[in-house]
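First the structure, in the form of structure tokens, and then the observations on it.
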Amino acid sequence: MTNPPTIRPDAVDYLDRQQTAADLRAVREQWGDLLAAIDCPPRAEWPPRDSRALGATPEAEAEPNDTPAVGRLPLILREHPAPLNLTALNAAVETERELFQLCDTVAAAVQRPVRRRYHRPQPVRGRAAPRGGYRSQAYIDSADRADPARWRTASPTTPGSRTHGLHWAAVWLEGRALGEESGDLFSPVLPPLSETIATTARRARARVERALGRDNQPTQLGQPCPYCRGPLTAYTRSGDPAAATIECGTGSNCTAPVPLNGRRRREWAGAELVSFYVALNAAQRRAKR
């Protein structure tokens, strides 16, 4: 009987840091979707918002849309006096608060303070030196303070680096989690601080994906299969909206022109979803006649 291979502690630490970076990356990549969801009423049907374009009808595509594209939305939460989706708003506010506070904590622990320069005045010819001689005068190194890699903690008078939004906060934390160097600006992140970053990142990702309906929970669709009238179930994969699938519960007797999955059920995935929505829309139009 052979013993199972032993995983080295440094390998475990590497994998943990990579997972933390992946969680932070998932948060910032889905942040625009979450901000957009705040101004959209929650929907009981599926698929998630960013996949709806796959099933858009020509009539829907022709409608004017003045909403800015997700990529151009500001990545700083703004006032929402009448949000249409409180779940999305609460998730965004809580996630932003947690990551900003974590950046402040990490910066206080591993970020070098701003350097101070010292200048000693030179004696002036013909003028007596002051009692005790000339003293060095300290001043803040403005170039070091303005280093773009530095996280500037918020104060009562300035928001600091928070003005760059959650996207920058997630990028900055990812750099600290992976141990990226920037001269002597940062010291290594050690436990238990690295564990705190990992826990916060994992919790933030779960919160964002839950608010967007991307938390691996199956969704029963309200419409029957357009080929056999069987029940339809949709699935999403955490952090990867493009991996969404739809499954018909009838089984192999369904006549849909797609392959069977491991459960012997017809399944639409990827580009097949386009033909699925075309068939679904056609079935709905026939039912209205």
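The values are calculated or read from the model by the stated rules, or taken from the named source; none is laboratory data. Note that this is a predicted model, so its numbers are computed, not measured. Cβ placement follows ideal geometry from the backbone for every residue including glycine, while neighbour counts extend to all protein chains displayed. Only protein heavy atoms, including side chains, enter the accessible area calculation; ligands, DNA and RNA are left aside. Shrake-Rupley method; radii C 1.70, N 1.55, O 1.52, S 1.80 Å.
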>> Condition first: more than 11 Å from residue 106 (Cβ to Cβ), among the aliphatic types (A, V, I, L, M) and in contact with a Lys or Arg (Cβ under 9 Å, 6 or more places away or on another chain). Now tell me which residues in region 154-190 satisfy that.
In response: 154, 166, 170, 171, 178, 185
>> With the structure loaded, tell me whether residue 236 is in contact with a strand residue (DSSP E or B) (Cβ under 6 Å, 6 or more places away or on another chain) and closer than 26 Å to residue 19 by Cβ or whether it fails that test.
In response: yes
> Within region 257-267, how many residues turn out to be under 17 Å from residue 236 (Cα atoms) and open to solvent by less than 40 Å² (accessible area, probe 1.4 Å)?
Replying inline: 1
> If you go through region 152-185 one residue at a time, how many are under 17 Å from residue 20 (Cβ atoms) and surrounded by 20 or more Cβ atoms within 10 Å (Cβ to Cβ)?
Replying inline: 8
>> Among the residues in region 175-186, are any in contact (Cβ under 8 Å) with a residue 40 or more places away in the chain, within 26 Å of residue 142 (Cβ to Cβ) and within 17 Å of the chain's Cα centre (by Cα)?
In response: yes
>> Just to be sure I understand, how many residues within region 218-237 are under 19 Å from the mean Cα position of the chain (by Cα) and either at pLDDT 95 or above or over 21 Å from residue 40 (Cα atoms) (or both)?
In response: 1
>> Restricting to region 268-289, count the residues that are open to solvent by less than 50 Å² (accessible area, probe 1.4 Å) and without any contact (Cβ under 8 Å) to a residue 40 or more places away in the chain.
In response: 3
> So which residues in region 88-110 are more than 14 Å from residue 31 (Cα to Cα) and polar (S, T, N, Q)?
Replying inline: 101, 105
> Is it true that some residue in region 119-141 is modelled with pLDDT of 75 or more and more than 23 Å from the chain's Cα centre (by Cα)?
Replying inline: yes
> Could you list, in sequence order, the residues of region 147-172 that are assigned to a loop (DSSP other than H, G, I, E, B), of a type in the set (A, V, I, L, M) and at pLDDT 90 or above?
Replying inline: 149
> Going through region 189-238 one residue at a time, which ones are open to solvent by 60 Å² or more (accessible area, probe 1.4 Å) and in contact with a Gly (Cβ under 6 Å, 6 or more places away or on another chain)?
Replying inline: 231
